[in-house]
Amino acid sequence: MKRILLLLTITLFSGFTTYAQTKIKDGTVVSPGLPNVNAVLELESTNKGLLLPRVALEQTSISTPLNAHVAGMVVYNTATAGDVVPGYYYNDGSQWVKASGSAGTSNEPWNVQGSSTPASGNSEHIYQTGNVSIGKNSSAVGSSTLQVYGSVSTPIRSVTQSTTLTEEDYTVVCRQSSAIIVSLPDPATCAGRMYYIINNGTQAVTTNYAFEVATGVNQSTIPVAVNGINSPNPNFGQKYLLQSDGTKWVLISLG
């Protein structure tokens, strides 16, 4: 055992380069003394493992605590920082890559936008190449970027007073007894987002941003519908579906 420890010490800490294969045993396995011909270093034990360096990584794109990215380097990360979480990581020469299935985390099927790094945060932009089908166990490729087989659920809430809409809203049913204001976000910050605002109250609903109802025609009021969809005035329904085009809010459906 002393000879084995001495050999390991010399191998790991010597400043000299040695040209040999090494097999380190703790005596719990009865086997030939020669190492596997394909291994530079072979460890053999029935009740002990290899304990890798435990380091605190900062980000997959940052080499720290190394001075530079080194392809093939393997460590156990202890930190939760940036886009890294505790687990085994290897370095591919340009970034740290989390070993699949490391304990304590789930395997992410999505990647951070513009990279091959698994998404691990709720606020990251994610992507998946190809079409995505939900609710169908089939090998057939979806015909659309996102294809849903089954019902779709969207958020809905009722209000009786002025309110501010966020990214967590979709349908908002207004049941007010006096005039209220529904504050929309800046359309420049949420291109493509839609809100379905229904005025089931007894007074008008005003929006903080005017929305386009026709070319050159804008309004900021969702009135109380007297005749509903049978009104002779096409802009007098009380169910307004608005969508941001990136510069302004646009009425895309009226009920």
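The values are calculated or read from the model by the stated rules, or taken from the named source; none is laboratory data. Owing to the predicted nature of the structure, the values given are computational and were not obtained by experimental measurement. Because the Cβ atoms are built from the backbone with ideal geometry, glycine has one as well, and the counts that use them run over all protein chains shown.
So how many residues does the range 244-255 have that are on the phi < 0 side of the Ramachandran plot and touching a helix residue (DSSP H, G or I) at 6+ places or on another chain (Cβ under 9 Å)?
Residues in the range 244-255 being on the phi < 0 side of the Ramachandran plot and touching a helix residue (DSSP H, G or I) at 6+ places or on another chain (Cβ under 9 Å): 8 in total.
Kindly list, by first and then second residue, each pair from a residue in the range 190-203 that is in contact (Cβ under 8 Å) with a residue 24 or more places away in the chain to a residue that is assigned to a strand (DSSP E or B) and charged (D, E, K, R), limited to pairs with Cβ atoms under 8 Å and residues at least 6 apart or on different chains.
What qualifies is Y196/K239; I197/K239; I198/K239; N199/K239.
If a residue has to be in contact with a Gly (Cβ under 7 Å, 6 or more places away or on another chain) and either part of a helix (DSSP H, G or I) or surrounded by fewer than 18 Cβ atoms within 10 Å (Cβ to Cβ) (or both) to count, how many in the range 155-203 make the cut? Spell out how you get there, then give the answer.
Of the range 155-203, the ones in contact with a Gly (Cβ under 7 Å, 6 or more places away or on another chain) are 174-177, 187-188, 191.
Keeping just the survivors that are either part of a helix (DSSP H, G or I) or surrounded by fewer than 18 Cβ atoms within 10 Å (Cβ to Cβ) (or both) gives 175, 177, 187-188, 191.
Counting residues in the range 155-203 that are in contact with a Gly (Cβ under 7 Å, 6 or more places away or on another chain) and either part of a helix (DSSP H, G or I) or surrounded by fewer than 18 Cβ atoms within 10 Å (Cβ to Cβ) (or both) gives 5.
Which number in (1) surrounded by 13 or more Cβ atoms within 10 Å (Cβ to Cβ); (2) within 21 Å of the chain's Cα centre (by Cα) marks the one condition that S100 misses?
(1)
From the residues in the range 1-51 that are among the hydroxyl-bearing types (S, T, Y) and modelled with pLDDT of 65 or more, which one is farthest from Y76 (Cα to Cα)?
Narrowing the range 1-51 to residues among the hydroxyl-bearing types (S, T, Y): 9, 11, 14, 17-19, 22, 28, 31, 45-46.
Those left that are additionally modelled with pLDDT of 65 or more: 22, 28, 31, 45-46.
Numbers: T22: 24, T28: 26, S31: 30, S45: 21, T46: 22 Å.
So the residue we want is S31.
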